[in-house]
1. Charges only on Cβ, +1 for Lys and Arg, -1 for Asp and Glu: so what's the dipole of region 297-345 about the Cα centre, in debye to the nearest 20?
2. For region 344-421 and region 37-102, what is the separation of their C-alpha centers, rounded to whole Å?
3. Suppose we keep just the alpha-carbon trace of region 8-144; what are its Rg and Dmax in angstrom?
4. What share of all Cα pairs of region 230-385, in percent, falls into each consecutive 5 Å distance bin?
5. Restricting to DSSP H runs of at least four residues, report the calculated mean residue ellipticity at 222 nm for the chain, -39500 (n - 2.57) per run over all residues, nearest 500 deg cm²/dmol.
6. Taking Cα atoms, how many degrees apart are the long axis of helix 185-205 and the longest axis of the chain, rounded to 10 and kept between 0 and 90?
7. Explain nothing, just the number: dipole magnitude of the chain about its Cα centre with +1 on each Lys and Arg Cβ and -1 on each Asp and Glu Cβ, in debye rounded to the nearest 20.
8. Need one number: the % of Cα-Cα pairs in the chain sitting beyond the 37 Å mark.
Amino acid sequence: MDDARVRLIVCTVGGSPDPIVLSINRDRPDAALFVVSQETKRVLDEQIHPRLEKAPRLCDIVVVDRDRLSDSFRGISSKIREKLREWQVSPSEAVADITGGTKAMAGGLALAAAVLGLRTRYVAGNRPDRLGAVEPGTETPVDEANPFELYAVLQQEEAARMLAEGYPGAAARVLEEALRKSCSTELRARIGALAGLLRALEAVDRFAFSAAKSDLGKALDRLEMEPRLVGGPVVLERLRNLRDHWEACGSIVSSGNKPQDRPQTPLMLELIANARRRRARREFDTAVACLYRATEMFAQDLLWRAFGANRGRIGADNLPEEAVSRLQADGFAPDSSGFYKLGLARSFDLLRYGPEELRHHAGVYEALKPHLEFRNASILAHGVASVDEKKALELEEAVLQRLDIAPDDLPDWPSIVLSLE
């Protein structure tokens with residue numbers, strides 16, 4: 001619960017005035033709003049104001065029907081909104097004391113407090129007959145968090161479930177809904193950090209690395225102070241490493257219109273990690289498309305190393321004469337600028353004319369061909385077929401093996417444990 005100083009107390013008036021006097025004298029707020037009925041208005045001047053040690057500088061009343069819950073809620077919530085603006089008080093600095101008044105009045109204030117983000121208070125104490133009034137001198141204020149803070153914990157549990165199922169964007173929306181209703185400054189900061197982390201993961205899923213870097217950077221500013229919010233220091237360290245990795249991916253993406261000057265390995269690994277997440281979500285066609293593009297990127301990097309190619313675009317002048325002769329014999333001709341743009345199969349085959357240390361990659365396509373063919377027939381490529389889980393997993397395993405990538409090399413997300421406690 002937020003420990004912000006109480007600047008505004010909203011009290012329902014009716015029954016014994018002692019709890020109201022105790023509550024105001026304890027907090028000495030700057031402002032007070034009294035919820036009264038036609039029958040209890042006179043209690044303010046006769047039994048409450050004279051007993052206040054320090055009267056609030058700002059006071060007002062709202063008159064409601066003591067027996068109508070809906071009337072009480074509408075009148076109270078409207079008046080609280082008005083006074084929060086007029087008196088420049090934030091919801092986290094206000095307390096709703098529901099001790100006095102009828103059940104309809106107290107219920108109306110409790111509902112208004114929950115919706116508007118106020119904390120609640122009830123003055124308890126000894127009741128000799130268990131059901132009657134509190135015994136004078138035994139009054140004890142009991143402060144409670146806003147009910148929506150409890151709601152936020154439930155939302156956090158739902159967000160954790162969605163993240164575990166691989167849907168960070170949906171999880172972020174759940175937390176953002178809780179963020180709009182929570183009043184505690186501390187809780188809002190925690191929810192905001194977790195929602196920012198989830199937005200970063202969602203951005204990575206759609207290859208928006210610049211947005212991911214920004215969202216994660218803001219989230220880490222808070223998570224660094226409380227690693228337990230995501231599962232501890234080990235998870236936090238993994239997120240830091242991923243931030244650096246995503247920055248490298250973003251750099252490759254942003255240089256897409258410039259000549260290739262570095263390996264595309266980070267982005268290639270990200271594509272494979274993305275494919276694994278898609279497969280886990282049963283998005284098999286998209287998973288296979290990511291794996292195919294990762295294989296293309298792997299081949300492009302090899303051609304860059306072998307012949308100075310630019311993302312698969314190879315200058316005829318950079319190729320050995322025997323490679324050019326082979327291309328011509330197979331019906332391939334350079335474009336008007338003297339460059340070849342080759343498909344995946346021909347890209348790998350061309351490596352047999354490259355440096356000795358790269359020639360063993362020339363057979364990669366033939367090894368992957370049985371698995372890649374169903375990609376070509378899929379609805380996201382050149383056909384209308386759908387890919388099933390078995391085929392997606394087979395291609396994933398084949399790509400990892402033929403591209404010599406260990407699962408530990410992939411930028412998989414850590415097991416994040418969302419917590420607001």
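1. So the magnitude is around 200 debye.
2. 67 Å
3. That works out to 13.7, 43 Å for Rg and Dmax.
4. Once binned at 5 Å, the Cα pair distances of region 230-385 give 2, 8, 14, 17, 18, 16, 12, 7, 4, 1, 1, 0, 0.
5. It lands at -16500 deg cm²/dmol.
6. Compared with the principal axis, the helix lies near 20 degrees.
7. Here the chain has a charge dipole of around 820 debye.
8. 48 percent
FYI, it's all coordinate maths here, none of it is from the lab. Since this is a predicted model, take the numbers as computed values, not measurements. Heads up, the Cβs are rebuilt from the backbone with ideal geometry, glycines too, and the neighbour counts pull from every protein chain shown.
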